[in-house]
Amino acid sequence: MNRNVRFVLLMLGVFACVFAVAFPVSALGQVKNLPKIVDRDELSYGRSYSEWSAAWNQWADSIPVAQHPLFDNGDCSTGQAGPVWFLGGKFCATGSTCTYTAVRSCTVPKGKTLFFPIADFEDSALEENISIHPGDPTFQQIGTLRSVVSSLEGATDIFLQIDHQPVKQLQKYGIYSVAFGFTLPLDNLFSAMYPPPNNFYPEGTYFPAVDYGYYIMLQPLTPGNHTLHFGASWLDITYNLTVQ
C-alpha cells in the first residue's frame, strides 16, 4: 500500500475515534445525551399530548397582551405553573410592524419539562362567529372546526434543532387537541390579532376550540445553557435557555 494512502487512512481512523468520543452517536443516528422527546402516544404527568395541546392553548389565551411572552411583551415565566413549562412561536398584533421571527432568552428552573408547538393552527366557535363566518352555525360545531385546522396536516417545512442538532421525522408529532374551553382577559390576543371592525372579543370563558399542531414534549434539560430552534417556512423561533 502506498505510504501516503496508509497515512491518510491512519489519520481518518484517529479522527473517527476523536469524533466518536466527542460526539457519541446512537444506533439511531442521534447524538447521545440530548434530552428525550416524549413519544406522542405516552402520557406525561397523567395527560396525553392532545390534552397538553389544549392546556397550551388555554395558557396562551389567558395572558393579557401587555404581558404576553409570545408577543414578546413578557418574560417566559409568565403564567407558568406545575412541572411543565410552555414555550411557543410568535403572535403579532394587527397593524404592527412584525415578522414571525423571535430570538428569546429564557431562564427555566431545573427539572421542568418543556412543551411547545413547532407550528400549530387553532380555531374556535368564538372566532368563527365574530370574525371569520359570523352567524353561520356550521362553524360552531367541533367537527367543522377540526376540518379547518386540518389544513396543517402533512406539513413538510417544519424544523426543530435541540442544541444545534436537528430532530428528524417531525411529522409523527402532529396531533389534534381534545376540544377545550378557554378564558380570555380583557386585553386578549384575539382582539389584538384580528383586524377591525370584527375584532371585539369580550373577556369571558368560551367553548369549543380545537387545535392541530406539531407539538414537542421535551424532558427536563440538564443545568446550563441550551438552545431550541424551531419553526416552519413562515416562522423562525430561537430560545436561548438557561436551566438553573
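Annotations for the structure displayed:
- Yes/no for Thr205 being in the same structural domain as Cys92 (by TED's automatic domain parsing) and either closer than 30 Å to Ser105 by Cα or not in a strand (DSSP E or B) (or both): no
- Candidates in the stretch 109-143 are the residues that are among the β-branched types (Val, Ile, Thr) and within 24 Å of the chain's Cα centre (by Cα); of these, the one that is surrounded by the fewest Cβ atoms within 10 Å (Cβ to Cβ) is Ile142.
- Residues satisfying the stated conditions in the stretch 95-143, i.e. assigned to a helix (DSSP H, G or I) and closer than 16 Å to Phe180 by Cβ: Ala125, Leu126, Glu127, Glu128, Gln140, Ile142, Gly143
- Close pairs (6 angstrom Cβ cut-off, 6 or more residues apart or separate chains): among the small types (Gly, Ala, Ser) in the stretch 105-116, surrounded by 12 or more Cβ atoms within 10 Å (Cβ to Cβ) anywhere: Ser105/Asn240; Gly111/Pro220
- Selection of the stretch 228-242 for residues being surrounded by fewer than 17 Cβ atoms within 10 Å (Cβ to Cβ), outside any loop (DSSP other than H, G, I, E, B) and over 14 Å from the mean Cα position of the chain (by Cα) yields Asn240, Thr242.
- Of all residues in the stretch 33-56, those satisfying the criterion of being within 14 Å of Val84 (Cβ to Cβ), part of a helix (DSSP H, G or I) and touching a strand residue (DSSP E or B) at 6+ places or on another chain (Cβ under 6 Å) are Tyr49, Trp52, Ser53, Ala54, Trp56.
- Among the conditions (1) surrounded by 13 or more Cβ atoms within 10 Å (Cβ to Cβ); (2) within 27 Å of Ile37 (Cβ to Cβ); (3) touching a Ser or Thr at 6+ places or on another chain (Cβ under 6 Å), the only one that Val103 does not satisfy is (1).
- Unmet criterion (only one of (1) more than 18 Å from Glu122 (Cα to Cα); (2) in contact with a strand residue (DSSP E or B) (Cβ under 6 Å, 6 or more places away or on another chain); (3) surrounded by fewer than 13 Cβ atoms within 10 Å (Cβ to Cβ); (4) not basic (Lys, Arg)) for Thr205: (1)
- Annotation note: of Gly79, Gly95, the sole residue that is at positive phi and at pLDDT below 95 is Gly95.
The values are calculated or read from the model by the stated rules, or taken from the named source; none is laboratory data. Note that this is a predicted model, so its numbers are computed, not measured. When we count neighbours, we look across all protein chains shown, and the Cβ atoms used for this are built from the backbone with ideal geometry, even at glycine.
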